[in-house]
Amino acid sequence: MSAPHPFHPVCEHAFTISIELKGLYWVKPTALGDMRAAVYAGSGVIEGPLLNGRVVPMSGGDFPLVRPNGVIDFDARYLLESDDGEIIYLQNRGFRWGTEEAMAKMSRNEPVTPDEYYMRVSPKFDAPAGKYEWMSKHIFVGVAEKTPGSNRIHYFVVR
């Protein structure tokens, strides 16, 4: 067994966002032959060791591009509010793909198991100076769960 790489990143669980999605609109097909969707951040809860609060209702949403090969390319932007009232902007880019059966289940809002699909995001936070400024200075990785009518994203800060 070899020693770990000296620059191997260390990830720490920061928080989990459970977000309820509202409304779904489609542009299909787009002029390029893909499909574009819009789904709004209806509400949500933030829980974790480094941040607690809520998703500001209807403060934004996700505008994913569905590629012809079935890969969903996320582009989500919405606001978070910490328990102590600070507003934080979140931008998530990422991908979801899986077996044809799993993707069909998700489109019908049916449950799937985590081993049936890949759903990862790379978030960027714009946080106010002070207590949450650390969020604007670190890289994060999000591992997401697709649940019927919502997403649950577990965010890890790279130290």
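The values are calculated or read from the model by the stated rules, or taken from the named source; none is laboratory data. No experiment lies behind these values; they were computed from the predicted model shown. Neighbour counts run over all protein chains shown; Cβ positions are idealised from the backbone, glycine included.
When you scan the range 106-130, how many residues do you find that are part of a helix (DSSP H, G or I), out of contact with any strand residue (DSSP E or B) (no Cβ under 8 Å at 6 or more places or on another chain) and either β-branched (Val, Ile, Thr) or modelled with pLDDT under 90 (or both)? Outline the logic, then answer.
Initially, the range 106-130 is screened for residues part of a helix (DSSP H, G or I), giving 106-107, 114-116.
Adding the requirement that they be out of contact with any strand residue (DSSP E or B) (no Cβ under 8 Å at 6 or more places or on another chain) leaves 107, 115.
Retained after the next criterion (residues that are either β-branched (Val, Ile, Thr) or modelled with pLDDT under 90 (or both)): 107.
Qualifying residue count for the region: 1.
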Legend entry - Every pair of residues 6+ apart whose Cβ atoms lie under 6 Å, when the first sits in the range 133-145 and is over 17 Å from Ile19 (Cβ atoms) and modelled with pLDDT of 95 or more while the second is of a type in the set (Val, Ile, Thr) and in a strand (DSSP E or B): His138/Val157; Ile139/Val158
Legend entry - Which listed residue is of a type in the set (Lys, Arg) and over 14 Å from Ser122 (Cβ atoms), from Arg67, Arg93: Arg67
Legend entry - Of all residues in the range 86-119 being within 30 Å of Trp134 (Cα to Cα) and of a type in the set (S, T, N, Q), the one that is surrounded by the most Cβ atoms within 10 Å (Cβ to Cβ): Asn92
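Applying the selection to the range 71-85, what residues are hydrophobic (A, V, I, L, M, F, W, C) and surrounded by 17 or more Cβ atoms within 10 Å (Cβ to Cβ)? Outline the logic, then answer.
We begin by selecting, within the range 71-85, every residue hydrophobic (A, V, I, L, M, F, W, C); these are 71-72, 74, 76, 79-80.
Selection gives Ile72, Phe74, Ala76, Leu79, Leu80.
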